[in-house]
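In what follows, a structure is listed as structure tokens, so that the remarks can point back to it.
Derivation of every value follows stated rules applied to the coordinates shown; laboratory data play no part. What you see is a predicted model, and the numbers here were worked out from it, not measured in a lab. Quick reminder, even Gly has a Cβ in these numbers, built from the backbone with ideal geometry, and neighbours come from all protein chains shown.
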Amino acid sequence: MWICFNDSFVSIVQDRERIESLVVRARTPTHLERLFPGQEIVMSPGRDYACRHFISRNQLVKLLAERVDAIDYTNFKGSVTDYRLRRLYGEFWYLHAEYQGRVRT
């Protein structure tokens with residue numbers, strides 16, 4: 001599952017080793033540090049997503065609920081202050097608009 005937060009982009013998958021855990025993966029440690037301050041981030045430089053945080057399903061559900069509850073913006077892209085992340089989301093938005101058929105080629 002991909003999740004686009006306004007300060008982090010992550011991919012979440014099942015932990016292969018522990019059935020009760022999930023792996024929250026990111027391309028930069030900053031994105032995980034923003035979500036999980038002070039918690040362990042495992043670096044795997046040769047992997048598709050170089051940064052990983054292992055978490056229980058319940059903990060992640062709580063974090064997601066807190067993040068949803070804290071939404072205070074009316075325009076998601078406008079709420080993204082990290083330039084590189086905003087650019088990534090802009091391209092993602094464009095591809096989705098194209099998929100929907102809103103962009104004329």
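Computed from phi, the 3J(HN,Hα) profile of segment 32-49 under the Karplus parametrisation 6.51, -1.76, 1.60 (θ = phi - 60°) reads 6, 4, 5, 8, 10, x, x, 9, 5, 10, 9, 9, 9, x, x, 8, 4, 10 Hz, with x in place of Gly and Pro.
Quick one: net charge of residue 50's neighbours, Cβ under 12 Å, K/R +1, D/E -1? Computed value for this residue: +3. Per-residue packing, averaged as other Cβ atoms within 10 Å, sorts the ranges 4-10, 86-92, 54-60 into the order 4-10, 54-60, 86-92, beginning with the highest. May I ask you to derive the relative contact order of the chain, considering only C-alpha pairs under 8 Å and at least 6 residues apart, and to give it as an integer percent? Relative contact order, the chain: 21 percent. Would you mind checking the tilt of helix 83-100 against the longest principal axis of the Cα atoms of the chain, expressed as 0 to 90 degrees and rounded to 10? Its long axis makes an angle of about 60 degrees. For the chain, the longest principal axis of the alpha carbon atoms and the long axis of helix 57-69 meet at an angle near 40°.
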